[in-house]
Amino acid sequence: MFEQFGDWVAFGLLGLSSEGAGGAAVQFFVMDAVKIFVLLVVVIYLMGLLRALLSPERVREFVRGRPDWQARGFAVTLGAVTPFCSCSSVPLFIGFVEAGIPLGVTFSFLIASPMINEVAAVVLVGILGWKLAALYVGAGLLVAWFGGIVMQTLRPERWVEEYVWKIQMGQADLPEPDRSFVGRHRYAVAEVKEIVGRIWIWVLLGIGVGALFHGFVPEQWVGDNLGGDAWYTVPAAVLMGIPLYSNATGVIPVAEAMLTKGVAVGTTLALMMSVAALSLPEMLILRRVIKWQALALFVSMLALAFTLVGWGFNTIAHFGIGI
């Protein structure tokens with residue numbers, strides 16, 4: 001259905017040639033834009049109905065004081081089901097720090113939240129198939145879990161800005177949220193408006209990059225520079241992803257275009273993770289909370305983890321094991 005609509009707009013309405021690069025790019029853009037935004041609205045609304053039962057205060061109280069493995073598991077799960085981009089994850093990260101939750105646990109949330117969420121997972125399955133979706137989600141969960149452990153081992157608390165420790169948690173009496181179905185419906189609709197309103201430009205930019213890549217980048221160039229098993233393609237993809245700020249959903253069309261051009265699955269996954277979790281805007285916001293030493297450790301650890309993930313999946317694919 002989505003592909004037919006893209007064909008109608010590009011080749012019927014606009015009269016572009018199906019053999020030309022421009023026609024292929026427009027068809028890809030229209031098809032993916034409609035598909036992704038339909039999925040976004042439906043999934044965010046459904047999750048909003050569930051999320052209306054929770055509050056940040058309840059979440060923080062639930063995590064505080066629990067053993068590290070329980071707190072980390074909850075933080076990773078929370079990160080995986082919240083459709084935040086990297087920048088919008090930082091305020092809750094700060095709230096966790098203020099609540100006295102171990103910083104290693106909060107870093108697990110900060111890694112998982114922009115990189116994995118139910119919206120991205122559904123869109124991944126719909127566009128790239130369940131195997132690649134499972135690979136991406138599984139690798140992201142592992143990186144979030146062990147990345148938080150690594151950060152905690154390095155004692156990043158010594159590099160938190162002092163003003164953060166002085167902030168007191170607000171104790172204002174908040175009105176009880178409306179738990180009725182109508183109230184939850186209103187909350188879910190507000191979630192759709194707020195989240196889609198915040199990320200739509202990044203989704204369109206991601207689709208636009210993917211469309212340009214799909215229509216105009218020659219397969220020969222891709223094969224020569226990013227294809228194959230050359231070791232440097234994965235770290236190159238990680239470095240390429242850092243300035244390309246987007247969320248996990250917005251980068252999916254780019255990944256789709258890369259895969260259709262023959263880029264290896266591990267290289268594609270490394271780029272997706274880098275774009276979602278290692279963005280320059282996020283680093284600038286984080287710098288207001290942690291000092292350069294902790295920020296450098298965080299970036300270096302994630303860059304290494306994403307590179308290892310990419311190399312690992314490329315190796316698996318090279319031997320033809322189920323990808």
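Quick note: the coordinates plus some simple rules give every number you see, no bench work behind them. All figures in this text were calculated on a predicted structure; none of them were measured in a lab. No Cβ is skipped: glycine too gets one built from the backbone with ideal geometry, and neighbour counts run over all protein chains shown.
A few notes on this one:
- Förster-model FRET efficiency, 22 Å R0, F319 and V299, C-beta, rounded to 0.05: 0.10
- HN-Hα J in Hz across the stretch 106-116 - Karplus 6.51, -1.76, 1.60, θ = phi - 60°, x for Gly and Pro: 5, 5, 4, 5, 5, 6, 6, 4, x, 8, 10
- Amide H contacts under 5 Å for V263: none, restricted to partners 5 or more places along the chain or on a different chain, H placed in the peptide plane at 1.01 Å from N.
- Interchain or long-range residues, amide H under 5 Å from I290's placed H: E161
- At R0 = 25 Å, FRET efficiency that the Cβ-Cβ distance of V125 and W200 yields, to 0.05: 0.75
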